[in-house]
1. Collect the residues in segment 50-83 that are assigned to a loop (DSSP other than H, G, I, E, B) and either surrounded by fewer than 16 Cβ atoms within 10 Å (Cβ to Cβ) or of a type in the set (Lys, Arg) (or both), keeping them in residue-number order.
2. Would you confirm whether any residue within segment 214-223 is assigned to a strand (DSSP E or B) and surrounded by fewer than 21 Cβ atoms within 10 Å (Cβ to Cβ)?
3. Being more than 16 Å from Tyr275 (Cβ to Cβ) and touching a strand residue (DSSP E or B) at 6+ places or on another chain (Cβ under 8 Å) is the filter; apply it to segment 170-206 and report the residue that is surrounded by the most Cβ atoms within 10 Å (Cβ to Cβ).
4. For residues that are under 15 Å from Val266 (Cβ atoms), assigned to a strand (DSSP E or B), in contact (Cβ under 8 Å) with a residue 60 or more places away in the chain and not charged (D, E, K, R), tally how many sit in segment 234-250.
5. Taking into account only those residues within segment 38-80 that are basic (Lys, Arg) and either in contact with a helix residue (DSSP H, G or I) (Cβ under 6 Å, 6 or more places away or on another chain) or touching a residue at least 24 places away in the same chain (Cβ under 8 Å) (or both), which is nearest to Val26 (Cα to Cα)?
6. Just to be sure I understand, how many residues within segment 225-279 are closer than 24 Å to Ile144 by Cα and among the basic types (Lys, Arg)?
7. Just one of (1) touching a Gly at 6+ places or on another chain (Cβ under 9 Å); (2) in a helix (DSSP H, G or I); (3) of a type outside the set (Ser, Thr, Tyr) trips up Leu205, so point out which.
Amino acid sequence: MNFKRISFAEQCGQNSPQRQAEVQRVLSLAQASGLEWTRLVWCDVHGSLRGKTWVTSELASAFADGMGMVSTLMLKDTSDRTVYKVFEADVKNELPGFEGASNVMLLPDPATFKILPWAEKTGWLLCQPWFSKGQPVPYDSRRILQTALEKLAAKGWGMRCGLEVEFHIYKLKNAEHGDDADPDQASWPGRAPQVSMIHPGYNLLNELWFDRAEPALRIVKQTAQDLGLPLLSLEIELGPSQVEAVFKATDALTAADNMVLFRSAVKQALRRAGYHATFMCRPPFENIMSSGWHLHQSLFDLQSGQNLFARTSISRHSRSSRACSQQRTPHPLPNWHSVFSGTFDSCTGHDIFVHHHGQRLWPLQAQRPCTSVYCVGPRQSRRHAQSGWRRRRSCHAHRKQIG
């Protein structure tokens with residue numbers, strides 16, 4: 001009697017015709033591109049990518065049967081130390097499936113396949129962990145997002161996100177033989193490299209500072225574009241050696257995947273060129289500015305595409321201000337201000353008209369020429385209590401002024 005072998009992907013319910021077609025597309029592309037190997041990576045809870053690199057000839061096996069990974073990689077702190085005592089008897093009750101540092105299996109998602117532009121003949125795939133009996137690992141951060149999106153979809157809703165990401169770029173003083181590469185100074189965690197700044201800061205969006213930082217920013221731009229990431233702009237932030245990358249809005253899962261890839265890709269591509277990029281909140285220098293994100297979010301109707309955050313009725317204040325707004329002729333600002341499918345009008349007196357997916361919502365009077373983004377929020381400011389809108393200010397914990 002012949003028994004058909006069931007692959008691990010089938011055991012996990014991850015062998016749909018759509019996935020099979022995507023797998024064949026990736027295998028064909030890897031072969032046609034002459035890839036020598038592919039990095040199979042997984043994003044841990046701290047945003048770091050971990051994984052193994054498989055030769056191209058074995059990639060089909062990884063798609064079908066997964067790749068083993070020690071489960072303690074899901075239990076690390078930021079210094080790479082395991083925070084749970086996985087060899088004690090009661091851990092099976094607290095963390096079932098992790099006892100004895102057992103393996104979990106990583107299954108690649110073929111939809112995430114990329115060819116890395118900075119690494120020769122190298123592919124890249126994002127994976128997700130599964131227990132050995134085919135159950136999903138609930139602590140996987142990508143799984144948590146997918147579960148939340150499934151709950152939204154059950155209500156007929158979807159989610160879009162637009163990212164503005166601040167980070168720091170430094171020039172390495174000794175890229176090949178710095179203190180972090182000295183075996184006599186090896187430690188856990190390792191030493192930080194010695195760096196210098198790519199711009200002096202304290203001059204927001206200054207073109208001269210951009211020109212000084214241009215060699216590094218050109219690498220960031222080219223890397224993001226070669227990976228197909230929806231980059232809108234690269235900008236000089238207020239802090240010394242601090243920059244910002246702005247991305248077009250996408251569905252929430254794609255936005256999260258893009259952020260994971262962008263952060264890792266930028267670090268690697270810049271390192272090869274003698275730079276050090278860090279996305280930590282505050283590098284350990286006294287006169288520095290903290291970094292943060294601006295995460296633009298909206299819900300939309302899955303059937304109609306209608307933005308659920310947009311007004312569907314005209315408020316009393318909006319009616320009273322309509323005559324004033326009709327007297328002004330809007331002039332769209334450059335596309336890099338179009339964050340999260342919103343656009344901005346420049347009007348006499350520096351009024352800012354907020355648009356959300358093409359719908360004019362609210363005129364706001366600025367005190368000076370201003371390019372701040374406004375977005376929907378649950379809190380109401382005193383000034384705009386009737387509108388239900390609040391200003392999303394581009395300041396962080398250590399900023400004393402708004403750029």
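The values are calculated or read from the model by the stated rules, or taken from the named source; none is laboratory data. For clarity, every value in this text was computed on a predicted model and none was experimentally measured. Don't worry about glycine lacking a Cβ; one is built from the backbone with ideal geometry, like all the others, and counts go over all protein chains shown.
1. Asp77, Thr78, Ser79, Asp80, Arg81, Val83
2. No - not one qualifying residue is present in segment 214-223.
3. Gly201
4. Of the residues in segment 234-250, 5 are under 15 Å from Val266 (Cβ atoms), assigned to a strand (DSSP E or B), in contact (Cβ under 8 Å) with a residue 60 or more places away in the chain and not charged (D, E, K, R).
5. Only one residue fits best here, namely Arg39.
6. Here the count works out to 2.
7. With respect to (1) touching a Gly at 6+ places or on another chain (Cβ under 9 Å); (2) in a helix (DSSP H, G or I); (3) of a type outside the set (Ser, Thr, Tyr), Leu205 is out only on (2).
Conditions tested, residue by residue: (1) touching an Asp or Glu at 6+ places or on another chain (Cβ under 8 Å); (2) under 19 Å from Ser28 (Cα atoms).
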{"site": "Asp109", "(1), (2)": "no, yes"}
{"site": "Thr122", "(1), (2)": "yes, yes"}
{"site": "Gly134", "(1), (2)": "no, no"}
{"site": "Asp140", "(1), (2)": "no, no"}
